[in-house]
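**Student:** Quick one: the structure is below, and I'll ask about it shortly.
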Amino acid sequence: MDFILNNLLSLILFVPVLAAAVLLVLPNEEKTLLRWAALIGSLFPLALSLTLWANFDNSLPGFQFEVWHTWYAALNSSYHLGVDGISLTMVLLTTLLTPIAILASFGITDRVKAYMILFLLLETGMLGVFLSLDLLLFFVFWEIGLVPMYFLINQWGSEKGERELWPGVKVAARTYASFKFMIYTMAGSLGLLLAIQMIGVTVGSYDLPVLFNLWPTIAELKGVGPMGLPIETVKSIAFWAFAIAFAIKVPVWPFHTWLPDAHTEAPTAGSMILAGVLLKLGAYGFLRLVLPLYPVEAQRYSGPLAFLAMMAIIFGAFAAFGQNDFKRLVAYSSVNHMGFVVLGIAAAAYAAGGNDAAIALNGAVLQMFNHGLSAAGMFFLVGVIYERTHTRDLNDFGGLFPLVPVYGGILVFTSMASLGLPGLNGFISEFLVVRGVWGVGVNNWSGFALFTALSMIGLLFTGAYILKGVKKVLHGPINHHWEEHGLKEIGVREILVMTPLIVLIVWIGVWPAWILDVINKAVMALF
Amino acid sequence: MTTETLIWLLPLPPLAAFALIVLFTNRSKALSHSIAVAAALLSWLGSMAVFIQAIGVEHLGEHPFHSVLEWLPVGDKPFEIGVLVDPLSAVTLFFVGWTVLMIFIYSVGYHNFGQPAGDHDHPGLPPHGATVHGHTVPSVEPMYSRFFAFIALFAFGMYTLVVSDNLLTLFVGWEIMGLCSYLLIGFWFAKPSARAAAIKAFMTTRVGDVFMLMGVAYLYAATGTLSFREIFFNEEVLKHLAETPALGGFLGFSAAGLIGVLLFIGTIGKSAQWPLHVWLPDAMEGPTPVSAMIHAATMVSAGVYMVIRMFPLLSAGWEEGGPLTPAMTAMAFIGALTALFAATIALAQNDIKRVLAYSTISQLGYMIAALGIGAYVAAAFHLVTHAFFKALLFLGSGSVIHGVEHGVLHTGNHKVDPQDMFNMGGLRKKMPVTFWTFLIGGFALSGFPFVTAGFWSKDEILADAFANNLPVFLVLALSALLTAFYTMRQITLTFLGEPRTKEAAHAQETPWTMTLPLVVLSVFAIGYGWVGIPEGLTGGAIPNWFHEFVAGTLPEHLPVLEFNILPMLFSIVIALTGLGCGYYVYRNVKAGDPDPLQKPLGMVYDWLKNKYYFDQLYDRIFIQPSIWVSEVFTTLWVDRGLIDGILHGVARISYSVGGILRNDFDLPVINQFIGDGSAKVVRSAGFELRKVQTGRIQQYMVAAVVFAVGALAFFLLR
């Protein structure tokens, strides 16, 4: 037990790799065994992170369960892990969604072993980002997560459809989507890597707690004197290098167009993880790195950032409303919802230290968690119906409610969570963001009031696209086509996938104190 | 158990009923409705217990039942939620408890419990009847259990709203009711009209809700709390809000003014006030108990309840007789306008439920207008009486429809619309209980003097308007005239005269589960008015209990209006004239006759019939453009065209640069010159050297010897 507690973070981080290694030696054709092995393997990190949650002392400031080993001595980079309330929440989300996604993938029959191994490696990549307290380590895990996801989309993505790049050049949709996802993120990472190196060389360390103290106040650039630029300019450029890398990942408008493609083409469980966790990496980057490392720049550029977030909220909702592909509709809803996260972060950057900022950040972090639950649920439900009908076109559905009443009930429920219905989780976080940002706006009379007000258009259209989905799938005249085809009701395994999500959605919606308390302490310590 | 604990528990039985029905009992109709009705009964019992305790407390306004606990630990001060029963919530609780319980019982009969399953019934469509021994009889609703689950969830939302001590949980209840309204309007979701109406209702109210959310956020940001008592009972907070300019003064509002207007927009949506009134008439697609509960007695009333609740904030900075605050001006204007506007539309509707829907909009306008001119108690009074008599009317109309449907099943002619009043007539003989109770409700709505509750509450509004704001008085008086007229039109067309169709002739009185609630509600439609008779009229012989009790909600005591006989005479004359004209015009309508008003009104009639074309207008200026913005502008132009275009452009440039590098550099220079070139050199060298490889040992030996000698010589001679 002591061993576990002393090495908790490393265990959480590497148990998935271990499980992947076990899978590697299992026979290829034993699909059931492989599935169960992967599921059980992914339950260990969940159990460990629940242990972590239970042993996390919320009254202490700063990082806990820290691990520190020399890793790359020449660069003075170390294997440094640690959690605070923000990363703890994200670790819980990741370790929760991975087994759920694996359970959701039990229907996969093609190359099960490779698929499951990729999923487990993906988990390690994502967890590494949330756990790292070393800038270089952070970057390494940031990139590692890309690879499995690339293959998951590229190999197990939907088989139909193609995209025209320009006249005469067409590629398969999943190839297109996986490339776009990979190259877009890598393009963002390029600037990030350069900026990371500059910081590392200047300060002489990649250790985040050290950087938090030194980098924001650093007055001259040792060793690197890029073209004699003043330090403010260099810092601003470095800020944008960070911000754009994370903005692509979140994604913030107008860097978002990879998302509908990747989400739509990915296999169901891939979309669940993509929307549930991967997008949070970007937002987490803002919280963990941008706010503490660039307080001045973040405040200076919070306006433009909030503007982009607002555009994501509005145009994400419009775009979702404009889709006739069920999965694309859900994919765009992520743009809409993640916009609130960035809006909250931008407002907090502007009014750092104030109560409004704290509330906005509370909302932003909770929104990350909540969106993880509802988006994963929505993508899964889209997958359930796709598996049965092999179509995602909303116009092929309609009137399914009498045929699949249980599925219909769950879909309505999850849709309402996504819509932000009070009593369910999304409302709490969206309200806190709106409250915080609006407070920043009206108490300082800044543009944030306008951003909040205009974001309400997005909130309105959230209702429009959610109801469009419900209307086009469930409601409407009796659907004889699918009645004759004997559309099957949602199965027990599929209900099991949804159960933890449903429970958490209600729990957080009704009594969010258990999670908000953890988040609030971390957020208050951030300033 | 303390009263506070009891109040915390009030909303829970319906919630539990919802969960139980959804998870466990949805296959058993009897079990499901038993659970739902039992839950409603429990909440009703609790409400009555709380109400009785509340009226026993002296100065309840100053010492309300109040209990809080921490909910959201955010920022430096945790956000608290709690329950509060003060005079306003006590009277609201009273009517909510009664109407909800009655409507739950009514629903059992309405959905034909105990009848056989239909021959061709399908979930998502209203039942079409079953054949038993060659007769067609009504068939039970296929989604019977689901209906009770939904209305139970709704009741939870309403109770939550009423007992909330803060704006946030009030909003939670508000939105849960919105969801239930959506689900129940679209209950028969296989009907495209119901599906469209459900979405319309949700989206239209959501327009109001997002403004309200901003108001809530603003209030929270400005005061650090959303608790009613912390805000209203703190003069400094109100003063501060009234004096701080909002948004740097850029719209000319004070903070209180802007928050008030934002919150009021929420009410415009929820209570279906102009210009967001369009959803309520369409909401009649839902089953009639839904129309009675959600769209007459409780949810739409909640909009008015909220502004009454927020009155100290909405009126912050206002003094009796002084200029109105922005929020009050908006309420007075929109309320009065809506009252008149909806009443005119009601004149030309033939659907029995739609008439009531417009009448609801109009009556809610009354309350809003009353509040706008500062008639706080009058607005609350009309809220309560209206809830009773309008629920009664809706349930009565459902009973009528049910009766006529019986006739339709009997004749088998499904082309006859059982909701069209022109297909009815003479139902008083066939459906006596429904007739008498409907008459009571209708007279209460018209403000029939002295005996009905509607008279006293409407009169109080008119008296206040007469004293304070003459334009509002005139508009409301005119609407009252129209109200009496269309109500009598409805009663005459439906119940009086002779049946105009065979179906109406074969109509049948409905079962006791439906008529009992009618009787109970009609008791309140008459009796509830007596608790609020102006003392000036009786010389204080009957105390005006309602005014004294409810006025205590406010921190400052409102002065009782000086009694004036003039507006009361006005309202008596108006009510009697309207009723008389309504009867006179419609007493002789025969089968197939057009509406007698059609000819004299001409063009105006078409405008009224088509609801001033608001649906078409909104479709043109809001709905179609948003679809275009979504499908074409955002998806095709911006995302696919512009953003992806740029990305593909970059890809294409990289692709061409790559192509150039490959075709013009890699291939000729690297591959052919350096790559292939060096390969060629090696290859030809090898080719030449190959000649040496003869395979003859002798030659190799010679070569080896020559090499050895040469090497030796090199080293030795060096």
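**Student:** Label points 7 Å out from Cα along the Cβ direction at A:M186 and A:W507: separation in nm?
**Tutor:** Going by the 7 Å Cα→Cβ label model, 4.0 nm.
**Student:** So the label point goes 7 Å from the Cα of B:N350 along Cα→C-beta, right? Which residues of segment B:399-423 then have their backbone N under 12 Å from it?
**Tutor:** B:416-423
**Student:** Can I ask one more? Rounded, prolate or oblate: which one fits segment A:82-207, using the alpha carbon gyration tensor with axes a ≥ b ≥ c (rounded when a/c is under 1.5, else prolate when a/b beats b/c, else oblate)?
**Tutor:** Note, shape of segment A:82-207 comes out oblate.
**Student:** Could you check the simple spin-label distance between B:H133 and B:L45, using points 7 Å along Cα→Cβ, in nm with one decimal?
**Tutor:** 4.0
**Student:** Based on alpha-carbon centroids, what's the gap between segment B:257-288 and segment B:411-489 in Å, whole number please?
**Tutor:** Rounded to whole Å, the Cα centres lie 22 Å apart.
**Student:** Does segment B:1-157 come out rounded, prolate or oblate, given a ≥ b ≥ c as the square roots of the eigenvalues of its C-alpha gyration tensor, rounded meaning a/c under 1.5 and, failing that, prolate meaning a/b above b/c?
**Tutor:** Since a/c reaches 1.5 and a/b is larger than b/c, the shape of segment B:1-157 is classed as prolate.
**Student:** Next up: Taking a cut-off of 15 Å between Cα atoms, list the aspartates and glutamates near B:K429, but don't count ones fewer than 8 places away on the same chain.
**Tutor:** Result set, ordered by chain and number: B:E498, B:E503, B:E509.
**Student:** Which net charge results when you count Lys and Arg as +1 and Asp and Glu as -1 among the other residues whose beta-carbon is under 10 Å from that of A:H475? Numbers along the way, then the final one.
**Tutor:** On the way: positive: A:K471, A:K472, B:K191, B:R195; negative: none.
Surrounding charge for A:H475 is +4.
**Student:** Helix-only estimate, please: 222 nm mean residue ellipticity of the protein assembly as shown, summing -39500 (n - 2.57) across DSSP H runs of length 4 or more and dividing by its residues, to the nearest 500.
**Tutor:** -22000 deg cm²/dmol
**Student:** Please work out the C-alpha center-to-center distance from segment B:584-629 to segment A:166-188 and express it in whole Å.
**Tutor:** About 54 Å separates the Cα centre of segment B:584-629 from the one of segment A:166-188.
**Student:** Still on this structure: Rounded to the nearest 20 debye, what is the charge dipole size of segment B:563-718 about its Cα centre when +1 sits on each Lys and Arg Cβ and -1 on each Asp and Glu Cβ?
**Tutor:** It comes to approximately 860 debye.
**Student:** Can I ask one more? Once fully extended, how much extra length lies between B:T538 and B:D119, figured as 0.36 nm per residue of separation less the alpha-carbon to alpha-carbon distance?
**Tutor:** So the extension gain works out to 144.8 nm.
**Student:** Given a Förster radius of 41 Å and the C-beta distance between B:H59 and B:F614 as r, what FRET efficiency does 1/(1 + (r/R0)^6) yield to the nearest 0.05?
**Tutor:** In this case the efficiency is close to 0.30.
**Student:** Between B:E556 and B:V632, what FRET efficiency follows from the Cβ-Cβ distance if R0 is 51 Å, with the result rounded to 0.05?
**Tutor:** 0.35
**Student:** Name the residues of segment B:81-109 whose amide N is less than 20 Å from a point 7 angstrom out from the Cα of B:F233 along the C-beta direction?
**Tutor:** B:81-93
**Student:** Take the alpha-carbon centre of segment A:43-58, take the same for segment A:274-317, and report the distance between them in whole Å.
**Tutor:** Cα centres, segment A:43-58 to segment A:274-317: 28 Å.
**Student:** Shape verdict for segment A:65-125, please, from the Cα gyration tensor: rounded (a/c under 1.5), prolate (a/b greater than b/c) or oblate.
**Tutor:** Numbers: a/c = 5.31, a/b = 1.79, b/c = 2.97.
Oblate, since a/c reaches 1.5 and b/c is not below a/b.
**Student:** Taking 0.36 nm per residue of separation and subtracting the Cα-Cα distance, what length does fully extending B:H240 through B:V451 add?
**Tutor:** 71.4 nm is the gain from fully extending B:H240 to B:V451.
**Student:** Convert each backbone phi in segment B:393-407 into a coupling constant with the Karplus relation 6.51 cos²θ - 1.76 cosθ + 1.60 (shift: θ = phi - 60°), then list the ³J(HN,Hα) values in order as whole Hz, x for Gly and Pro.
**Tutor:** Going residue by residue, I get 5, 5, 4, x, 5, x, 5, 4, 4, 4, x, 5, 4, 4, x Hz, with x marking Gly and Pro.
**Student:** Another one. Which entries of A:K180/A:K472; B:K502/B:K590; A:K280/A:K471 show an alpha-carbon separation above 22 angstrom in the structure shown?
**Tutor:** Those over the limit are A:K180/A:K472; A:K280/A:K471.
Every number here is computed from the coordinates shown, using simple stated rules; none is lab data. Treat the numbers as computed from the prediction; the structure is a model and nothing was measured. Virtual Cβ from ideal backbone geometry, glycine too; neighbours counted across all protein chains shown.
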